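I have placed the structure first, in the form of structure tokens, so that the comments after it can refer back to it.
Please treat every number below as a calculation from the coordinates, not as lab data. Just so you know, these numbers come straight off a predicted model, no measurement behind them. Every residue, glycine as well, gets a Cβ built from its backbone with ideal geometry; the counts of neighbours run over all protein chains shown.
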Amino acid sequence: MIDTIIYFHGFASSSDSTKAKLISKYIYKNHRKVTIHTPDLSNNFEEAIFQIEALIKKSDGEIAFMGSSLGGYYALYFSQKLQTKAILINPAIPPLDGFDTYLGENKNYSTGKKFILTKNDIKFIRSISHKKFKNHDNTLVLLESGDETLNYSKSISYFEGSSIDIVIGGDHSYSSISDKLIKITNFLEI
């Protein structure tokens, strides 16, 4: 049984995102025995990985991972590493095609804090992926075909064999999340 859910926000975002708050509120209200963490991850990828690893060490029982976009990339990596369940929402997938467009100065959408993304940062984030995805039975992928940032058809190919839910239309923020909360908790069996 899942005791802890760790939800990762996307690139240049925070735990203050609409999805993070909606998911946390739903889990807290309907599944009080499950702890949900929505950490504010560092804009620095190496620091974010250290944060995640520390949170995993502190968490009790069986952990499931959730994430949106880059947060889905993190959830993918750690769920495969620990062979646990994952919910991936419009996830970024290896090798993070197009991520080079973020080289240079960026601004966190939630905090307004500016940060620099270097080639070494991108090299690092690309290095934390598994050569082959093998955690199909434990993975639910939620996609919207109208995602303007990521190509949903690449995700379909990458996650072939996993449980994949596609909504026609939508956008990168995954606007249909409130319609999928029961599906998410059923998949996690909580």
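Tabulated data
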{"quantity": "Distant-in-sequence amide H partners of His37 (H built 1.01 Å from N, under 5 Å)", "calculated": "Ile5, Ile6, Tyr7"}
{"quantity": "Partner lysines for Lys123 [C-alpha distance under 19 Å; skip if fewer than 8 residues away on the same chain]", "calculated": "Lys131, Lys132"}
{"quantity": "Mean separation of Cα contacts under 8 Å, 6 or more apart, over the residue count of the stretch 2-188: relative contact order %", "calculated": "21 percent"}
{"quantity": "Candidates Ser178, Ser145, Ser129: whichever shows maximal mean-square fluctuation once the chain is modelled as a Gaussian network with Cα springs under 10 Å", "calculated": "Ser178"}
{"quantity": "The chain: most fluctuating residue of Leu96, Leu70, Leu150 per GNM, C-alpha cutoff 10 Å", "calculated": "Leu96"}
{"quantity": "Reachable aspartates and glutamates, given that their alpha-carbon falls under 14 Å from the alpha-carbon of Lys114 and they are not under 8 places away in the same chain", "calculated": "Glu105"}
{"quantity": "Matching label, Cα Rg over 2.2 N^0.38 Å computed from the structure shown, candidates [x] 1.24; [y] 1.07; [z] 0.95", "calculated": "[z]"}
{"quantity": "Trypsin sites (Lys or Arg not before Pro) within the stretch 7-102, DSSP loop, no more than 16 other Cβ atoms inside 10 Å", "calculated": "Arg32, Lys33"}
